[in-house]
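S.K.: Have a look at the structure that comes next, please.
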Amino acid sequence: MSIVFHSVLDDPEEWVPRLRVLLPEEDIRVWPDIGDPAKVEVAVTWIPPEGALESFTNLIAVQSLGAGINHLPIQTFPPQVRIARLVDSGLTGMMADYGLFAALRYARNIDHHERMQRAGTWDYVMPRGLASCPVGVMGLGVIGGATALKLAANGFPVSGWARSPKTLAGIDCYSGEAGLPVFLSKIRVLINLLPLTAQTENILDAKLFAMLPQGAFVVNMGRGGHLVDADLLAAIDSGHLGGATLDVFRPEPPPSDHPFWNHPRILMTPHVAGTGDPDSAAQVVAENIMRAKRGDPMLNEVDRARGY
Ligand code: NDP
Ligand code: OXD
């Protein structure tokens, strides 16, 4: 039986030697050199080739190489196939760093100074400390929780919002639909770290933006499907929102004529907020392969009904 590694982004030369050291007994193969598809028990993948997983007729588990799993065709997997998302200290740390960067850029008016530099204008705006820039984090899971704590440790007042009630030291936590308006009403920088599910798709829309204070900024690090692009553009162009930092898009990359590309108040990055670090993540993946082969629950297994 075998394990197949496939990723369009993660370098197999970095991952597979580490996995082979941790799992010396396993036949670990790199797509497309998979041998007999019927022998594949575990797929370790980020955006698998269309139809590939269906050809693995004896598959017992899929380990995502990302924290999100919405890129996997989970509805096509037989019910016995376990699905695990990636939880990795390297990935979590990078994501929290990106959230901190985006919040600092707005808190210190750097976005404004970037625009002024391009206009050749010396515009002194009185700088303020981070205590005057409340940040709200949507999603208080592994990454959202770590991001909220890192922002608070750096001096930002931080609130957070999740599906279920949370207690996080120093974070003002809200939950559920009822908690959303109060959560949104207080923040200057909104950071989205939700998973993409049927409940969260299009959540960053005109209705939500209207609940944010005038001049607030939006940072989308979750998925492009969370954001209604036209609503964001309208909210920025009307002056209600101050701008946005976008790391994720639908599709990626957005078409070359998409208004985001040249918008003076939108900073785009090409889905680089975070990535699994093979040094730390290979151990998590190896542990999960062993668990799946033993028939034990995997770490960070996806609840198919919840969608994350
Ligand atoms: P987790 O599953 O650990 O956390 C998800 C959080 O979202 C939980 O707090 C959960 O609430 C909350 N949530 C889910 N559904 C809802 C809802 N309907 N209403 C309110 N809250 C909800 O995920 P991670 O923190 O590991 O990852 C979050 C996302 O970040 C990923 O799914 C991915 O989309 C994105 N990501 C992006 C990357 C990038 O490079 N841009 C890299 C890595 C991840 P509860 O705790 O109550 O269950
Ligand atoms: C992830 C991502 O989900 O990189 O890990 O987007």
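Derivation of every value follows stated rules applied to the coordinates shown; laboratory data play no part. Everything numeric in this text was worked out from a predicted model, so none of it was measured. With ideal geometry, Cβ positions are generated from the backbone for all residues, glycine too; neighbour counts draw on all protein chains shown.
S.K.: Just to be sure I follow the definition: excluding the sites themselves, where is the longest run in the chain that has none of the GluC sites (Glu not before Pro) in a DSSP loop with at most 12 other Cβ atoms within 10 Å?
M.R.: Numbers: sites that count: Glu25, Glu50.
That gives 51-308 as the longest site-free run.
S.K.: While we're looking at this one, here's another question. What shape does the chain have by the C-alpha gyration tensor, where a ≥ b ≥ c are the square roots of the eigenvalues, rounded means a/c under 1.5, and otherwise prolate means a/b greater than b/c and oblate the rest?
M.R.: Values: a/c = 2.09, a/b = 1.92, b/c = 1.09.
Judged from the Cα gyration tensor, the chain comes out prolate (a/c at least 1.5, a/b above b/c).
S.K.: I want the antiparallel fraction of DSSP beta bridges within the stretch 133-262, as a percent rounded to 5.
M.R.: Once the DSSP bridges in the stretch 133-262 are tallied, antiparallel ones form about 5 percent.
S.K.: Would you work out the relative contact order for the stretch 1-92, in percent, from Cα pairs under 8 angstrom that are 6 or more residues apart? Write down the numbers at each step before the final one.
M.R.: On the way: 143 pairs, mean separation 24.2, N = 92.
RCO, the stretch 1-92: 26 percent.
S.K.: Moving on. For the stretch 187-300, with the dipole built from +1 on Lys and Arg beta-carbon atoms and -1 on Asp and Glu ones, taken about the Cα centre, which of Gly222, Thr269, Ala235 lies farthest toward the positive end?
M.R.: Farthest towards the positive pole: Gly222.
S.K.: If a/c stays under 1.5 just call it rounded; otherwise compare a/b with b/c (prolate if a/b is bigger, oblate if not). Do that for the stretch 4-79, with a ≥ b ≥ c from the square roots of the Cα gyration tensor eigenvalues. Write out the running numbers ahead of the final one.
M.R.: Values: a/c = 1.73, a/b = 1.25, b/c = 1.38.
Because a/c hits 1.5 or more and a/b fails to exceed b/c, the stretch 4-79 counts as oblate.
S.K.: For Asp33 and Ala210, FRET efficiency with R0 = 51 Å and r from the beta-carbon atoms, rounded to 0.05? Provide the component values of the computation, followed by the final result.
M.R.: Values: r = 53 Å, r/R0 = 1.04.
That pair, Ala210 with Asp33, gives E of 0.45.
S.K.: Under the definition of Cα pairs under 8 Å and six or more residues apart, what whole-number percent is the relative contact order of the stretch 68-173? All intermediate terms of the calculation are to be shown ahead of the outcome.
M.R.: On the way: 115 pairs, mean separation 23.8, N = 106.
Rounded, it is 22 percent for the stretch 68-173.
S.K.: Just want to confirm a number: the relative contact order over the chain, from Cα pairs under 8 angstrom separated by 6+ residues, in percent.
M.R.: Numbers: 577 pairs, mean separation 54.7, N = 308.
The normalised contact order for the chain reaches 18 percent.
S.K.: Counting DSSP beta bridges in the chain, what percent are antiparallel, to the nearest 5? Working shown, then result.
M.R.: Values: 2 of 45 bridges.
Roughly 5 percent of the DSSP beta bridges within the chain come out antiparallel.
S.K.: Taking amide H positions as placed in the peptide plane 1.01 Å from N, state which residues far from Ile191 in sequence (5 or more) or on other chains have amide H under 5 Å from it.
M.R.: HN-HN under 5 Å from Ile191: Gly136, Val137, Met138, Val219.
S.K.: Continuing with this model, one more query. May I ask for the net charge around Leu299, where only other residues with Cβ less than 12 Å from the Cβ of Leu299 are counted and Lys, Arg are +1 while Asp, Glu are -1? Mind showing how you got there, number by number?
M.R.: Numbers: positive: Arg82, Arg85, Arg291; negative: Asp88, Glu287, Asp296, Glu301.
In short, -1.
S.K.: Can you give me the long-range amide H partners of Gly66? Hydrogens built in the peptide plane at 1.01 Å from N, cutoff under 5 Å, separation of 5 or more residues or another chain.
M.R.: Under 5 Å from the amide H of Gly66: Leu86.
S.K.: Tell me, what is the FRET efficiency for Ser256 and Met126 to the nearest 0.05, using R0 = 25 angstrom and their Cβ-Cβ distance as r? Write out the running numbers ahead of the final one.
M.R.: Values: r = 39 Å, r/R0 = 1.55.
The computed FRET efficiency comes out at 0.05.
S.K.: Same structure again: Between the stretch 15-93 and the stretch 95-167, how far is it from one alpha carbon centroid to the other, in angstrom?
M.R.: 35 Å
S.K.: Quick one: which residues, 5 or more positions from Ile83 or on another chain, have an amide H under 5 Å from its amide H? H modelled 1.01 Å from N in the peptide plane, none for Pro or chain starts.
M.R.: Counting only residues 5 or more places away or on other chains, the set is Val62, Val302.
S.K.: Taking a cut-off of 14 Å between Cα atoms, list the aspartates and glutamates near Lys207, but don't count ones fewer than 8 places away on the same chain.
M.R.: Cα-Cα hits under 14 Å: Glu177, Asp229, Asp231.
S.K.: Assuming R0 = 45 Å, what is the FRET efficiency of Arg265 and Glu13, from their Cβ-Cβ distance, to the nearest 0.05?
M.R.: Values: r = 40 Å, r/R0 = 0.89.
For R0 = 45 Å, the calculated efficiency reads 0.65.
S.K.: Counting other beta carbons within 10 Å of each Cβ, put Lys150, Lys186 in order, fewest first.
M.R.: Working: Lys150 19, Lys186 16.
With the sparsest Cβ surroundings first, the list reads Lys186, Lys150.
S.K.: Indicate, rounded to the nearest 5 percent, the antiparallel portion of the DSSP beta bridges found entirely in the stretch 60-186. Before the final figure, lay out the partial values.
M.R.: On the way: 1 of 13 bridges.
Here the antiparallel bridges make up roughly 10 percent for the stretch 60-186.
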